[in-house]
1. Mind telling me which of the residues Arg56, Arg98 ends up being open to solvent by 50 Å² or more (accessible area, probe 1.4 Å) and in contact with a strand residue (DSSP E or B) (Cβ under 6 Å, 6 or more places away or on another chain)?
2. Could you identify the single residue in Ala190, Ala215, Ala175 that is of a type in the set (A, V, I, L, M, F, W, C), open to solvent by 10 Å² or more (accessible area, probe 1.4 Å), over 30 Å from Gly136 (Cβ atoms) and at pLDDT below 95?
3. Is there a residue in segment 234-242 that is at pLDDT 95 or above and farther than 18 Å from Ala10 by Cβ?
4. Taking segment 80-90 only, how many residues are assigned to a helix (DSSP H, G or I) and surrounded by 15 or more Cβ atoms within 10 Å (Cβ to Cβ)?
5. Would you mind telling me which numbered condition in (1) within 18 Å of Pro113 (Cα to Cα); (2) touching a residue at least 60 places away in the same chain (Cβ under 8 Å) Phe30 fails?
6. Restricting the search to segment 246-260, which residues are in a loop (DSSP other than H, G, I, E, B) and in contact (Cβ under 8 Å) with a residue 24 or more places away in the chain?
7. Please work out which one of (1) open to solvent by less than 50 Å² (accessible area, probe 1.4 Å); (2) in a loop (DSSP other than H, G, I, E, B) is the condition Gly243 fails and give its number.
8. When the residues of segment 146-194 are filtered to those that are farther than 21 Å from Gly75 by Cα and basic (Lys, Arg), which remaining residue is farthest from the chain's Cα centre (by Cα)?
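The values are calculated or read from the model by the stated rules, or taken from the named source; none is laboratory data. In this text, all values refer to a predicted model and were calculated from it rather than measured experimentally. Positions of Cβ are generated from backbone atoms using ideal geometry, with glycine treated the same way; all protein chains shown enter the neighbour counts. Each accessible area value is taken on the protein alone, full model and side chains, heavy atoms only, with ligands, DNA and RNA left out. Shrake-Rupley method; radii C 1.70, N 1.55, O 1.52, S 1.80 Å.
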Amino acid sequence: MKALRMDINADMGESYGRWTLGADAELMPFLTSANVACGYHGGDPHVMRTTVRLAREHGVAVGAHVALPDLLGFGRRAMAITPEDLKDYVVYQVGALRAFAVAEGIPIQHVKPHGALYVMCTEDERYARAVVEALGELGEELILLLSGELVAAAARKAGVPFVAEGYIDLDYDAAGKLVIERVKRMREPAEVARRAVLLACEGRVPSPEGPVTLAAHSLCVHGDAPNAPAVAKAVREALLAAGVELVPLARLMRSREEGR
């Protein structure tokens with residue numbers, strides 16, 4: 001599979017109060033889509049407004065990075081919640097970010113779950129359906145950015161736009177599952193860039209037992225990596241050199257609908 005168009009996304013706006021995480025201002029210029037924290041795992045009203053404004057200034061599309069209500073654990077601890085809880089959490093957080101987007105004169109393009117909620121949605125059909133149903137209630141053709149066939153199937157059934165993402169600064173095992181890092185470690189930018197080109201142009205990612213197939217049209221660069229801006233810059237330059245057009249998720253969906 002050869003993808004000639006690709007989105008580059010990153011998790012942004014995860015600072016909180018006097019605590020700062022990531023180099024958002026340096027990272028933003030290299031993205032096409034930004035996943036903005038909505039207060040549940042990171043982000044506060046001032047950070048949300050600042051991040052949305054920064055995205056607007058750079059022409060980067062904005063999405064809600066929704067999470068479990070877990071500031072202390074940065075949204076990386078699983079919780080025993082009902083599907084109805086999940087739906088309300090998503091609607092609440094998207095609503096908060098949408099208000100800042102309206103204030104800055106831009107739309108909300110997509111929704112991407114964070115941390116433990118991301119994993120829960122990919123492994124439990126009840127949660128996959130719940131996040132899809134939440135987007136359906138919100139309307140406005142919000143795109144769901146996630147991975148895995150469980151979520152993709154739920155989105156298809158509900159008619160919710162879906163784009164699969166792949167990770168280029170994390171490892172995959174031989175079964176194609178992500179190897180999660182508790183603390184994001186530094187990666188060599190050139191190596192991450194090579195992974196990006198392999199995924200975009202050949203639909204494969206490296207693993208200890210050789211490349212595995214992965215269908216993805218959005219590449220995630222972790223904003224909390226120590227050298228995230230350098231990694232994103234290398235990825236962007238390598239993809240462009242390989243002839244890959246970099247576009248936000250909404251453009252990807254339009255191209256898909258037009259059969260291009």
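1. Only one candidate passes the filter, namely Arg98.
2. After applying the criteria, what remains is Ala175.
3. As a first pass, look at segment 234-242 and keep what is at pLDDT 95 or above: 234-242.
Those still in the list that are farther than 18 Å from Ala10 by Cβ too: 241-242.
So far as segment 234-242 goes, yes, one or more of its residues are at pLDDT 95 or above and farther than 18 Å from Ala10 by Cβ.
4. 6
5. (1)
6. Val247, Pro248
7. Of (1) open to solvent by less than 50 Å² (accessible area, probe 1.4 Å); (2) in a loop (DSSP other than H, G, I, E, B), only one is false for Gly243: (1).
8. Ranking the qualifying residues of segment 146-194, first place goes to Lys157.
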